[in-house]
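> First the structure, then my questions, so here it is.
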Amino acid sequence: MRKLIIGIFAFMAGLIPGFFIVFNSVFSDIGGSFSERLITFLLVILAYVILGFVFGFIDRSKSWLVWVCASAPAVLILVLYSFKETSLIGLNILYACLTIGSSWLGFVLSRRIRRGD
């Protein structure tokens, strides 16, 4: 039951960067320059590493549910937006990979710090 509650909180916390960072950068910055796109990539990575790190400390089990739930809102938003803007599907896949990988990285880092490695 505790895992489920933490997963729900991780999902709700993932809604904030999923909408305000990921969706905003894909939706409003269609013709942005490379440096602007790089900054949004770094913002996504930073936000989801922090989310994965925080929920990795909260969840004492080694469950994958936490980092998947934290990145799920952004991935769902990107999948739904891909149906509307099919020309951006490659960029949406890249953002989805960044969110999933970054939340996993934050989760792994919190595990290593907790163990003392």
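> Checking residue 94 against (1) under 16 Å from residue 40 (Cα atoms); (2) under 11 Å from the mean Cα position of the chain (by Cα); (3) without any contact (Cβ under 8 Å) to a residue 60 or more places away in the chain, only one condition comes out false. Which one?
(2)
Every residue, every condition in (1) without any contact (Cβ under 8 Å) to a residue 24 or more places away in the chain; (2) among the hydrophobic types (A, V, I, L, M, F, W, C); (3) surrounded by fewer than 13 Cβ atoms within 10 Å (Cβ to Cβ), yes or no:
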| site | (1), (2), (3) |
| --- | --- |
| 27 | no, yes, no |
| 66 | no, yes, no |
| 79 | yes, yes, no |
| 86 | yes, no, yes |
| 105 | no, yes, no |
| 111 | no, no, no |
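> Can you pull out the residues in the range 1-21 that are farther than 16 Å from residue 68 by Cα and surrounded by 14 or more Cβ atoms within 10 Å (Cβ to Cβ)?
19, 21
> Let me ask you something else. Criterion first (closer than 25 Å to residue 112 by Cα and within 10 Å of the chain's Cα centre (by Cα)) does residue 44 satisfy it?
yes
> Within the range 5-117, considering only helices (runs of 4 or more DSSP H) that don't extend past its boundaries, which have at least 1 residues that are β-branched (Val, Ile, Thr) and touching a Gly at 6+ places or on another chain (Cβ under 9 Å)?
Of the helices (runs of 4 or more DSSP H) lying wholly inside the range 5-117, those with at least 1 residues that are β-branched (Val, Ile, Thr) and touching a Gly at 6+ places or on another chain (Cβ under 9 Å) span 34-58, 65-84, 89-115.
> Within the range 30-85, how many residues turn out to be of a type in the set (S, T, N, Q), within 16 Å of residue 101 (Cβ to Cβ) and touching a Leu at 6+ places or on another chain (Cβ under 9 Å)?
Selection size over the range 30-85: 1.
Computed from the coordinates by the stated procedures, all read-outs in this text should not be read as laboratory data. Treat the numbers as computed from the prediction; the structure is a model and nothing was measured. Cβ atoms come from the backbone with ideal geometry, glycine included; neighbour counts cover every protein chain shown.
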